[in-house]
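Taking it in order: structure first as structure tokens, then the write-up.
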Amino acid sequence: MGIYIIGDMLLSDITPRMMDKYYRDLLSVKTVSVNNRKPTSEYLTPHTVREIHKLLRSAFNQAVRWELISRNPVLNATLPKEEHKERDIWTAETLSKAMEVPQKNASHFVRGFLRLNHFAQ
């Protein structure tokens, strides 16, 4: 009896070439709303595919440790390239002005700053 993954494919039958195709196919999957948040793009992004890759890499590494398969098929798979956007960096003057915002608007400033900081990582 074998261990099955997606559909009726055996773990041992999964190859890096299949994973390449899987990752390419994911780029044509339409995004869905989660928690009433509108998706930022129509299709899954290379970043999302890379996050899925991280999860699969971990799962396949565990399968190797458990000796269910001899090698991890995602390690040699080709991931889609991500485009990194140029970030706007606040000048000291802009930051100083933002710090002068009245207290009632401070929560907007903090959320904006945290959002900028999140994208900077």
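Each reported figure results from applying straightforward, stated rules to the coordinates on display, with no laboratory input. Not measured: the values here are computed from a predicted model. Don't worry about glycine lacking a Cβ; one is built from the backbone with ideal geometry, like all the others, and counts go over all protein chains shown.
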Of 44-51, 22-29, 82-89, ordering from highest average Cβ density within 10 Å down gives 44-51, 22-29, 82-89
Which is farthest toward the positive dipole end of segment 2-72 among Trp66, Thr48, Thr15, measuring Cα position about the Cα centre, with Cβ charges +1 (Lys, Arg) and -1 (Asp, Glu)?
Thr48
With +1 on the Cβ of every Lys and Arg and -1 on the Cβ of every Asp and Glu, the dipole magnitude of segment 35-84 about its Cα centre, in debye rounded to the nearest 20, is 120 debye
17 Å Cα-Cα reach of Lys97 towards aspartates and glutamates, excluding residues that sit fewer than 8 places from it in its own chain
Asp88
Exceeding 20 Å between C-alpha atoms, which entries from my cross-link table qualify? They are Lys21/Lys85; Lys21/Lys54; Lys30/Lys81; Lys54/Lys85.
Lys21/Lys85; Lys54/Lys85
Length gained, Lys85-Asp25, 0.36 nm per residue minus C-alpha separation, equals 19.2 nm
